[in-house]
1. Grab the strands (runs of 3 or more DSSP E) fully contained in the range 21-108, keeping just those with 1 or more residues being of a type in the set (A, V, I, L, M, F, W, C), open to solvent by 60 Å² or more (accessible area, probe 1.4 Å) and farther than 21 Å from Pro159 by Cβ.
2. Restricting attention to the range 302-321, does a residue exist that is surrounded by fewer than 23 Cβ atoms within 10 Å (Cβ to Cβ), among the β-branched types (Val, Ile, Thr) and more than 13 Å from the chain's Cα centre (by Cα)?
3. I'd like to check something: does the range 242-251 contain any residue that is part of a loop (DSSP other than H, G, I, E, B) and in contact with a Lys or Arg (Cβ under 8 Å, 6 or more places away or on another chain)?
4. Being over 30 Å from His134 (Cβ atoms) and either open to solvent by less than 50 Å² (accessible area, probe 1.4 Å) or not hydrophobic (A, V, I, L, M, F, W, C) (or both) is the filter here, so list the residues in the range 201-237 that pass it.
5. Of all residues being at pLDDT 95 or above and assigned to a loop (DSSP other than H, G, I, E, B) in the range 177-206, which is farthest from Ser350 (Cα to Cα)? Just the residue, please.
6. Cβ-Cβ below 6 Å, separation at least six or inter-chain, first residue in the range 52-68 and of a type in the set (A, V, I, L, M, F, W, C), second in a helix (DSSP H, G or I): which pairs?
7. Do you know which of the residues in the range 109-135 that are part of a loop (DSSP other than H, G, I, E, B) and at pLDDT 95 or above is least open to solvent (accessible area, probe 1.4 Å)?
Amino acid sequence: MVKQTPHGGTLIDLMLKTDAEKEAAVAKCTSELQLTPRQLCDVELIMNGGFSPITGFMDEATYQSVVENCALPDGLIFGLPVVFDTDSEDLQPGMTVLLKDGDATIATVEFTDKFLPNKPLECLKCYGTSQIEHPGALMVATERGKYYMGGKITGLNLPVRDFPCKTPAEVRATLPEDKDVVAFQCRNPVHRAHYELFTRALDDALVGEGGVVLVHPTCGPTQADDIPGDVRYKTYEVLKEETKNDRTRWEYLPYSMHMAGPREAIQHMMIRKNFGCTHFIIGRDMAGSKSSVTGDDFYGAYDAQDFAKLKGPELGVMPVPSLNLVYTEEEGYVTADEAKEKGLGEKKLSGTKFRQMLRGGEDIPEWFAFKSVVKVLRENN
């Protein structure tokens, strides 16, 4: 049995199993809606238990509790609100609606309430700012509809994606029994420093013997200038083959990023708990973002780590601070402290310079990026 218990004690599974059940559920619907890419991610994680223990979109009381207290009304920690947004005046509580992705039927939702959210307060509490130069606040202000609606979800079919997303139950079935599982979250291609970071995390004193790493990238919507999810997926697949290792597992998460820093760190830890993870690697400025006006960081480098350490025991997931690794000519990747102590010569390459070299067809040093990953990025640029 997997060591980690689901959040709230029970792994939610809202998927109907038979065609007859699905047909009966669809017959109750009085209208249908197309889901946005963000809503599709949320519906999938509600249906498959990734957002356990919730069973639908949050009603007003639950929304307010999560915004204000980072917890559900019963006090159980929960990082960010999960809401259904709409501009429709016609949708009303009591209606049952079919949710679709193109022609595919995904779920039904039985709406329980409809309310005008306090969006500035939501952004201030969840993102630390209500300024729309923050990408999360901009999303809430300009992408989300005027109203939020609470509603109970019934699952019909999981979305068909370019990247296969196993359910929490499916991932748990692949994990070793009674061993620590260390989650590594990313939303960009994995380069050498990331690889060194998550493989070395298994040597951390906080991680028990025989533990494994679950590399679990988010492949849903992120910031506007991020690499598209399908391209990221291709980079992960080639790297998985190149670095095959039984202590490193790869799966994909249909989650839309908020860039909410400390609050999002809690959301990621909670989701990975449902997928069976006992530990979570917290990097510098995790899920952080910069102002679109000034370029300044919205969060301190260790804000997410500090909040995760504070909330980790309550959440039941152990945060593992990521090593600050640098590449040196003499000894390869070492910690920055070790490099300084020994007076080693550091080599650096900024993300901006890397992208310029990528576009210009220049050789990318292998200490920085895997050749297989660079090849995929160039083919899809």
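The values are calculated or read from the model by the stated rules, or taken from the named source; none is laboratory data. Because the structure is predicted, anything quoted here is derived from the model rather than measured. Positions of Cβ are generated from backbone atoms using ideal geometry, with glycine treated the same way; all protein chains shown enter the neighbour counts. Surface accessibility is based on the protein's heavy atoms, side chains included, excluding ligands, DNA and RNA. Shrake-Rupley method; radii C 1.70, N 1.55, O 1.52, S 1.80 Å.
1. none
2. Taking every residue of the range 302-321 in turn, none turns out to be surrounded by fewer than 23 Cβ atoms within 10 Å (Cβ to Cβ), among the β-branched types (Val, Ile, Thr) and more than 13 Å from the chain's Cα centre (by Cα).
3. Residues of the range 242-251 part of a loop (DSSP other than H, G, I, E, B): 243-247, 251.
Now narrow it down to the ones that are in contact with a Lys or Arg (Cβ under 8 Å, 6 or more places away or on another chain): 251.
Among the residues of the range 242-251, at least one is part of a loop (DSSP other than H, G, I, E, B) and in contact with a Lys or Arg (Cβ under 8 Å, 6 or more places away or on another chain), which makes the answer yes.
4. First pass over the range 201-237, keeping only residues over 30 Å from His134 (Cβ atoms): 202-213, 237.
Matches in the range 201-237: Leu202, Asp203, Asp204, Val207, Gly208, Glu209, Gly210, Gly211, Val212, Val213, Glu237.
5. Lys179
6. Between residues of the range 52-68 that are of a type in the set (A, V, I, L, M, F, W, C) and residues that are in a helix (DSSP H, G or I), the close pairs are Val67/Glu122; Val67/Lys125.
7. Narrowing the range 109-135 to residues part of a loop (DSSP other than H, G, I, E, B): 116-118, 128-134.
From the residues that got through so far, the ones that are at pLDDT 95 or above too are 116-118.
Details: Leu116: 111, Pro117: 22, Asn118: 85 Å².
Across the range 109-135, the extreme among qualifying residues is Pro117.
Here's the yes/no breakdown for (1) without any contact (Cβ under 8 Å) to a residue 40 or more places away in the chain; (2) open to solvent by 20 Å² or more (accessible area, probe 1.4 Å); (3) out of contact with any Lys or Arg (no Cβ under 7 Å at 6 or more places or on another chain):
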position: Ala137; (1), (2), (3): yes, no, yes
position: Thr142; (1), (2), (3): yes, yes, yes
position: Gly145; (1), (2), (3): no, no, yes
position: Gly150; (1), (2), (3): no, no, yes
position: Ile153; (1), (2), (3): no, no, yes
position: Ala169; (1), (2), (3): no, yes, yes
position: Lys179; (1), (2), (3): no, yes, no
position: Ala183; (1), (2), (3): no, no, no
